[in-house]
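Trainee: To start, I am sharing the structure in question, which I have written as structure tokens.
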């Protein structure tokens with residue numbers, strides 16, 4: 001079996017994020033409010049375009065709702081929120097469905113976030129983006145990363161299936177789509193914040209609290225995108 005020039009064992013994988021900050025559930029009546037130009041809310045029904053800028057995501061949750069009920073494949077119990085016209089949406093929805101059936105949606109979501117972080121490692125991105133590395137070798141790298149993470153077996157099963165079907169290049173897209181569906185199901189509001197420098201956690205927490213007060217969202221997820229072109233006074 002062919003192997004890549006850089007052994008998988010030498011790839012440095014970043015450590016997982018620590019436990020995310022928790023935000024108490026603040027509910028207020030809906031009011032009209034104009035957010036700053038560098039702060040926008042992301043509709044749950046759409047997927048943001050990928051950008052070269054590095055982003056830091058901090059979820060602020062207060063999810064007290066019970067786990068979703070079991071589902072079946074019959075039309076009377078269809079759990080899909082949208083018609084899945086793309087393989088990415090279909091695979092992500094399938095993972096959501098099996099996670100809900102097994103009452104492990106939040107567990108899978110946490111593992112999806114961790115795996116996405118690992119796949120953003122510079123060395124791994126270099127391998128996946130190289131035209132000189134074959135699909136089989138790229139699949140080996142992704143599968144090894146997933147195994148090392150000791151993730152939920154349903155997530156591992158999806159990754160394995162994508163690799164076997166020569167779809168390793170859409171693994172990250174499927175994981176991001178899973179996050180979008182999970183956010184929609186849980187009532188999470190996603191907020192995108194651009195800044196010239198990395199924002200502090202207390203700043204992101206304040207933004208999340210403010211948005212939750214204004215919208216009454218169950219939880220708020222803040223994504224901080226770095227844009228060096230912005231003036232420092234924007235933050």
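Coordinate-derived values only; no laboratory data. Computed from a predicted structure; not experimentally measured. Methodologically, a virtual Cβ is constructed for each residue, glycine included, from the backbone with ideal geometry; neighbour enumeration extends over all protein chains shown.
Trainee: Subtracting the Cα-Cα distance from 0.36 nm times the residue separation, let me have the gained length for residue 213 to residue 86 in nm, one decimal.
Mentor: 42.2 nm
Trainee: Give the order of 98, 207 when sorted by the count of other beta carbons within 10 angstrom, beginning with the fewest.
Mentor: Least to most surrounded, the residues fall as 98, 207.
Trainee: Would you work out the Kirkwood radius for the stretch 86-235? I mean one over the mean of 1/r across all pairs of different Cα atoms, in Å.
Mentor: The answer is 17.1 Å.
Trainee: Which length gain, in nm to one decimal place, applies between residue 103 and residue 169 when the Cα-Cα distance is subtracted from 0.36 nm times their residue separation?
Mentor: Additional length available on full extension: 20.9 nm.
Trainee: Okay, moving on. In µm²/s, what is D for the stretch 171-235 at 37 °C and 0.692 mPa s, where D = kT/(6 pi eta Rh) by Stokes-Einstein and Rh is the Kirkwood radius from Cα pairs?
Mentor: 252 µm²/s
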